[in-house]
Amino acid sequence: MQNIDIQLSEAPITSIAAEAHVTNEECGGIVTFVGTARKFTKGKEVVRLEFEAYEPMAIKEMNKIAHQILEKFPAKKVAIHHRTGVVNLKDIAVVISVSCPHRAAAFEACQYAIDTLKQTVPIWKKEIFEDGEIWVAAHP
């Protein structure tokens, strides 16, 4: 479907492709969420992140979220891009971009997308520290 762009990739991602996909003449509101690898988690210094996914199910669930956004909100286009593999500090792990005629709905739809993704999509994050590593719960 042309109004949905789903990507799951080991290659670096940017917000540019997601925003280019959702930009259209019907919408005055585009909201993009960019999640990056941060240096500290619960006061502990992170060296890097590693993401693993059950790819067929992850793609299916990301598509499901995008379709839900198009049904629940006045959204015209949705892009959800997520990294797998090694993600270094400051690198982008996830980008979600949504376009709606007005900004309030775009903000709400983007929030819905990231919250639902973290709850339902089988993508797991391992935080690597100087003194060890820990898998972060996939579905809090």
Here the qualifying pairs (Cβ atoms under 7 Å; residues six or more apart or on different chains; first in the stretch 5-25 and touching a residue at least 12 places away in the same chain (Cβ under 8 Å); second part of a loop (DSSP other than H, G, I, E, B) and not β-branched (Val, Ile, Thr)) come out as Pro12/Asp91; Asn24/Lys76
Filter result (over 11 Å from the mean Cα position of the chain (by Cα), surrounded by fewer than 16 Cβ atoms within 10 Å (Cβ to Cβ) and without any contact (Cβ under 8 Å) to a residue 40 or more places away in the chain) within the stretch 101-122: Gln119
How many residues, within the stretch 24-51, are of a type in the set (Asp, Glu) and either assigned to a loop (DSSP other than H, G, I, E, B) or closer than 27 Å to Gln2 by Cα (or both)? 2
Can you name every residue in the stretch 95-140 that is in a strand (DSSP E or B), in contact with an Asp or Glu (Cβ under 6 Å, 6 or more places away or on another chain) and not hydrophobic (A, V, I, L, M, F, W, C)? Ser97, Lys126
Given the structure, is Glu61 part of a strand (DSSP E or B) and not hydrophobic (A, V, I, L, M, F, W, C)? no
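Bear in mind these aren't lab numbers, they're just calculated from the coordinates by the rules spelled out. The model shown is predicted, which means the values in this text are computed figures rather than measured ones. Neighbour counts run over all protein chains shown; Cβ positions are idealised from the backbone, glycine included.
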